1. If one computes the Cα centroid of the stretch 37-68 and of the stretch 142-167, what distance in Å separates the two points?
2. Which one, Phe101, Asn131, Leu112, projects farthest toward the positive side of the charge dipole computed for the stretch 63-131 from Cβ point charges (K/R +1, D/E -1)?
3. Taking amide H positions as placed in the peptide plane 1.01 Å from N, state which residues far from Ile167 in sequence (5 or more) or on other chains have amide H under 5 Å from it.
4. Tell me the mean residue ellipticity at 222 nm calculated for the chain from its helices only (DSSP H runs of n ≥ 4, each -39500 (n - 2.57), averaged over every residue, nearest 500).
5. What are the ³J(HN,Hα) values, in whole Hz, obtained from phi via the Karplus relation 6.51 cos²θ - 1.76 cosθ + 1.60 with θ = phi - 60°, for each residue of the stretch 120-131 in sequence order, with x given for Gly and Pro?
6. Could you check the spin-label model distance between Lys220 and Phe74? Points 7 Å from the Cα along Cα→Cβ, value in nm.
7. With a Cα-only, solvent-free Debye model of the stretch 21-168, what are the log10 I(q)/I(0) values at q = 0.09, 0.17 Å⁻¹?
8. Taking 0.36 nm per residue of sequence separation and subtracting the Cα-Cα distance, how much length would be gained by fully extending the chain between Asp118 and Tyr96, in nm to one decimal?
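Taken together, the values in this text are just the output of simple stated rules run on the coordinates, not laboratory data. What you see is a predicted model; the values in this text were computed from it and never measured. In this analysis, Cβ positions are derived from the backbone assuming ideal geometry, glycine residues included, and neighbour counts consider all displayed protein chains.
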Amino acid sequence: MTRILDLKNINKIYETKVEKLEILKNINLELNTGDFISIQGKSGSGKTTLLNILGLLDSPTSGEVIYDGINVDFKKENLKNTLRNEKIGFVFQFHYLLPEFSALENVMLPALVRKKADKEIVRKKAEDYLNMVGLGGRLTHKPSELSGGEKQRVAIARAMINDPAVILADEPTGNLDVDTSQTIHDLFFKINKEKSQAIIIVTHSLELAGITKEKFEIKKGKLEKL
Ligand SMILES: Nc1ncnc2c1ncn2[C@@H]1O[C@H](COP(=O)(O)OP(=O)(O)OP(=O)(O)O)[C@@H](O)[C@H]1O
């Protein structure tokens with residue numbers, strides 16, 4: 001078990017013209033390899049805000065985010081870009097696949113932008129991950145030729161291609177029907193069993209939260225363990 005991520009005293013305040021909104025208050029979280037957690041909370045409670053800070057897409061008002069021992073300086077765009085590419089895999093509610101590329105090419109892309117990427121090795125790895133998510137028979141399909149659940153599974157394979165330390169998923173089954181959601185739940189469960197990545201899932205779905213090892217809820221700005 002290795003420490004991957006530390007959040008220390010994270011606060012997030014949004015200041016608008018009329019008010020000061022304290023959305024996150026003194027949030028602490030420690031994540032190790034193999035951890036599998038869900039974060040629930042009412043609409044507007046700050047789930048996406050927290051996930052954006054974890055994903056280095058937004059900065060906290062105060063507090064520290066430490067990835068693999070690196071204390072993130074939010075002013076350093078290059079550092080954040082590198083950490084995002086190497087340490088973090090994102091899965092959103094919408095898949096954000098590029099429509100003109102095949103499933104295989106979409107999965108390969110985050111690995112190809114790296115220096116010294118060997119295209120053949122990347123292709124092989126992308127095929128392996130697409131096999132893992134059950135899409136070995138859909139490699140050349142474009143997103144428009146895939147079902148909703150298949151597109152989301154491609155997005156999950158893409159999130160994994162660089163073997164990130166953490167997978168961050170924001171309502172990954174929010175757009176899917178019950179049966180299709182179930183296949184995605186099963187997939188996260190399998191990834192957690194077979195890989196060492198830590199997985200953080202923000203979800204309203206009690207079913208999805210139910211398969212995670214630890215459940216948290218954001219309540220009045222605090223992260224509470226359920
Ligand atoms: N840039 C911003 N400026 C001001 N307020 C903001 C900003 N972004 C978000 N908020 C407010 O912060 C609160 C938390 O938003 P957030 O998107 O994190 O909630 P959430 O828990 O993800 O909600 P949902 O489940 O509805 O997606 C909301 O009340 C929102 O209105």
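1. Cα centroid of the stretch 37-68 versus Cα centroid of the stretch 142-167: 22 Å apart.
2. Of the candidates, Leu112 comes out farthest on the positive side.
3. The list, which skips near neighbours in sequence, is Gly89, Ala198, Ile199, Ile200.
4. On the way: 7 runs with 78 residues, N = 226.
The per-residue figure over the chain is -10500 deg cm²/dmol.
5. Whole-Hz 3J(HN,Hα) from phi for the stretch 120-131: 5, 5, 4, 4, 4, 5, 4, 4, 4, 5, 5, 4.
6. Between Lys220 and Phe74, the simple spin-label model gives 2.4 nm.
7. Treating every Cα as an identical point scatterer, log10 I(q)/I(0) equals -0.33, -1.03.
8. Extending this stretch completely gives an extra 5.5 nm.
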